[in-house]
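Have a look at the structure below, then the notes.
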Amino acid sequence: MILFLALQLALGSTQHYENAKQDFAQHKFSEAVSEVDIALHENPYMVPALVLKARLATFAHRPDVAKSCLITAITADPTSEEAQFFLGVFYYMQNDFKLAISPLLTAQTLSPKSPLPVFYLAMTHEALGQETDALNLYQQAENLSPQKSPQSASILVAYGRFLLALGRSEASIEKDRLAVEADPDSRDAHYELAKGLDREGDFKNAALEGERALTLPELGTSDAQIHFLLVNLYRKLNQPDLAKAHLEKFLAAPQTTQR
């Protein structure tokens with residue numbers, strides 16, 4: 001009888017977790033929170049549910065809850081690649097870069113063919129100013145990522161952005177072109193390619209890439225950032241009317257801290 005009740009609880013918690021996961025995928029966050037809380041009430045050490053609750057807490061700007069859930073998940077199962085990875089991502093997002101390295105390295109060891117732990121390690125080492133390590137890790141992440149996918153494009157965009165920051169504009173453009181090829185609808189890829197072409201003095205094609213970026217969904221790069229870039233490009237192309245039009249749109253757009 002006890003075994004039967006335990007089995008019922010396990011099945012119930014699994015179903016509530018699956019419901020929460022589906023709600024999360026559909027951006028029904030309040031419903032997902034309710035379902036995952038029920039799952040954890042029935043099984044407090046259900047690692048996937050703890051990770052999902054941590055992700056939901058991050059969206060809700062509750063880093064204390066997110067960290068607690070991830071620490072509990074790793075305590076319950078230190079071999080969970082998902083828990084280790086998201087703890088590393090959590091620390092990265094909190095700018096605790098040194099703390100991010102250990103769980104990300106563990107996640108990489110647990111899942112050596114996954115590009116994501118390596119990718120976040122690359123960004124972490126970049127943030128710490130460790131250029132050689134970051135370059136090597138970006139290349140590893142590119143090698144591991146599936147070809148022609150949004151994930152591959154995101155890795156290539158970050159890689160290209162880092163190369164541009166290092167003054168390696170030709171190599172940056174190469175990565176950005178690969179990113180566009182991997183995901184032609186990536187606004188970030190077209191924007192970063194425009195910046196690289198601008199750096200190389202190819203203002204006409206840079207403007208074309210900037211205009212293309214404006215037509216794509218706003219996920220990372222804002223309209224304001226693109227308009228700001230286009231203002232300068234059209235000034236360099238001696239097209240004051242277009243520069244003025246984009247300046248007006250830049251001033252009217254919600255401002256970001258990055259330009």
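Just so it is clear, none of the values below were taken in a lab; they were calculated from the coordinates. All figures in this text were calculated on a predicted structure; none of them were measured in a lab. Neighbour counts run over all protein chains shown; Cβ positions are idealised from the backbone, glycine included.
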For Lys195, Lys148, Lys236, Lys53, which order do you get if you count the other beta carbons within 10 Å of each Cβ and list the fewest first? Lys148, Lys236, Lys195, Lys53
Label model pair Asp185, Lys98: point-to-point distance (7 angstrom along the Cα→beta-carbon line) in nm is 4.3
Taking the Cβ of Glu126 as the center, what net charge do the other residues with Cβ under 13 Å away carry, scoring Lys and Arg +1 and Asp and Glu -1? -1
State which helices in the chain qualify, where a helix is a whole DSSP H run, it must extend 27 Å or more along its own axis by its Cα atoms, and its mean Kyte-Doolittle hydropathy must be at least 1.0. none
Quick one: putting +1 on the C-beta of Lys and Arg, -1 on the C-beta of Asp and Glu, what dipole do you get for the stretch 145-259 around its Cα centre, in Debye to the nearest 20? 260
What ranking of Ile226, Ile173 emerges when the number of other C-beta atoms within 10 Å of each C-beta is taken as an exposure proxy, fewest first? Ile173, Ile226
Taking the Cα centroid of the stretch 64-96 and of the stretch 149-209, what is the distance between the two, rounded to the nearest whole Å? 32
Sort the chain into rounded, prolate or oblate with this rule: let a ≥ b ≥ c be the square roots of the eigenvalues of the Cα gyration tensor; rounded if a/c is under 1.5, and if a/c is not under 1.5, prolate when a/b is larger than b/c, oblate otherwise. prolate
Using the Cα centre of the chain as the reference point, and only Cβ charges (+1 on K/R, -1 on D/E), how large is the resulting charge dipole? Debye, rounded to the nearest 20. 420
FRET efficiency for Ile71 and Asn136 from the Cβ-Cβ distance with R0 = 25 Å, rounded to 0.05, comes out at 0.25
Can you give the FRET efficiency to the nearest 0.05 for Ala25 and Asp241, using r as the Cβ-Cβ distance and R₀ = 41 Å? 0.35
Among Val157, Ala171, Gln140, flag the residue with its Cα farthest along the positive direction of the charge dipole of the stretch 28-179, charges on Cβ as +1 for Lys/Arg and -1 for Asp/Glu. Ala171
